[in-house]
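Please treat every number below as a calculation from the coordinates, not as lab data. Since the structure is predicted, the reported quantities are computational estimates derived from the model, not experimental observations. Quick reminder, even Gly has a Cβ in these numbers, built from the backbone with ideal geometry, and neighbours come from all protein chains shown.
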Amino acid sequence: MAYYSGLSETLRMTFVQIMILSTIAIVIFLYGMISTLQKWGSGVTGYALEPQVGQKGSAIRFLKTWWSQVTEVARHGHGKPILEVLILDILFQRRILKRSTFRWFMHFCIFAGWMSLFSLSGMMFAVEMTEKLGLMLPFTPAEFRDILSFPNYVFGYILLIGVLIAIVRRLFVTEVRQVSIMYDWILLAGVFIITISGFIADGIRTDIIWGFGLNQASAPPAALFHSIISLLFCIAYVPYSKYIHVIATPLAILANKGGE
């Protein structure tokens, strides 16, 4: 079944229009990432700090320096094998696990949910593009969307669990609440709204519990809201927020070859 976001059943956005919005979000993301890499290339390490006057960083120089550290034969840093660092330190976040099992569970739910949903969206995009190019696949985009329905729900709930734990910690754990600022709440609220809006948009369309009995005519605008806020918050906004740590932390761990 063909299904696109829109303001109503008759005013749906076309695939091309959605791709234009996606491209805009990606361009904003890339611009922010290049600016961030330039800051790092000039020696800026703190979030939202600017280079000193007269210093001009280079994104290419930063990436070359980082890659030379990653591939350096000499055992600097903690000297752990790259494959071990990728799997245990980045994917399974063992550094957090050593500090707190509960905190690790929260972080892992958010990380696994977010990255898995992003990957599933990328797979759906690839299938849509393949179909638009006229290439034959053993399934249609609609059939593939149905295939991804179950894993989307699974990882959506995993992400939701992680976000709810984070909210509860900031509300009821004294030391966490004391160091929380409004900016932290904005980031949490953004992920929470994106997750819930995805469940609601799909629930209205499929007439399951998350639809809350709403008329299916509400499905296109609900999907449009979810699509736009996801593009803006989960892609375009990342380089300009504290969520840049999802990129900065793995880069630092790899350059340091694991460890603390």
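Output the 0 to 90 degree angle, nearest 10, between the alpha-carbon long axis of helix 219-231 and the longest principal axis computed from the alpha carbons of the chain.
Between helix and principal axis, roughly 10 degrees.
When the Cα centres of segment 218-260 and segment 113-183 are compared, how far apart do they sit, in Å?
The distance from the Cα centre of segment 218-260 to that of segment 113-183 comes to 11 Å.
How big is segment 90-199 by Rg and Dmax over its Cα atoms, in Å?
When restricted to the Cα atoms of segment 90-199, Rg and Dmax are 17.5, 57 Å.
Taking a cut-off of 28 Å between Cα atoms, list the lysines near residue 242, but don't count ones fewer than 8 places away on the same chain.
Output for residue 242: 39, 56, 64, 80, 98, 257.
Given Cα pairs under 8 Å that are at least 6 residues apart, what percent is the relative contact order of segment 15-255?
On the way: 192 pairs, mean separation 56.0, N = 241.
23 percent.
Which residue, 158, 200, 247, tops the fluctuation ranking in a GNM of the chain built on C-alpha contacts under 10 Å?
In this elastic network of the chain, the residue with the biggest mean-square fluctuation among 158, 200, 247 is 247.
Return one number: the angle in degrees, 0 to 90 and rounded to the nearest 10, between the long axis of the Cα atoms of helix 141-172 and the longest principal axis of the Cα atoms of the chain.
50 degrees
Which one, 172, 233, 111, has the greatest fluctuation when you compute a Gaussian network model over the chain with C-alpha springs under 10 angstrom?
With Cα springs under 10 Å in the chain, the top fluctuation among 172, 233, 111 is at 172.
Cut-off 10 angstrom, C-alpha nodes, Gaussian network model of the chain. Which of 120, 137, 159 fluctuates the most?
Between 120, 137, 159, it is 137 that shows the largest mean-square fluctuation.
Efficiency by 1/(1 + (r/R0)^6): what FRET value for residue 196 and residue 128, r their Cβ-Cβ distance, R0 = 35 Å, to the nearest 0.05? Working shown, then result.
On the way: r = 25 Å, r/R0 = 0.71.
In this case the efficiency is close to 0.90.
Starting from the Cα of residue 240, step 7 Å along the direction of its Cβ; do the same at residue 169; then give the gap between the two resulting points in nm.
Roughly 2.7 nm, to one decimal.
Assigning unit charges at the beta carbon (Lys, Arg +1; Asp, Glu -1) and nothing else, what dipole magnitude in debye, to the nearest 20, does segment 15-255 show about its Cα centre? Provide the component values of the computation, followed by the final result.
Numbers: 18 positive and 12 negative charges, 197 e Å.
Dipole of segment 15-255, to the nearest 20 debye: 940 debye.
When 1/r is averaged over all different Cα pairs and the result inverted, which Kirkwood radius in Å belongs to the chain?
On the way: mean 1/r = 0.0482 Å⁻¹.
In the chain this quantity evaluates to 20.7 Å.
Can you tell me the 0 to 90 degree angle between the C-alpha axis of helix 101-132 and the longest principal axis of the chain, rounded to 10?
The angle comes out near 60 degrees.
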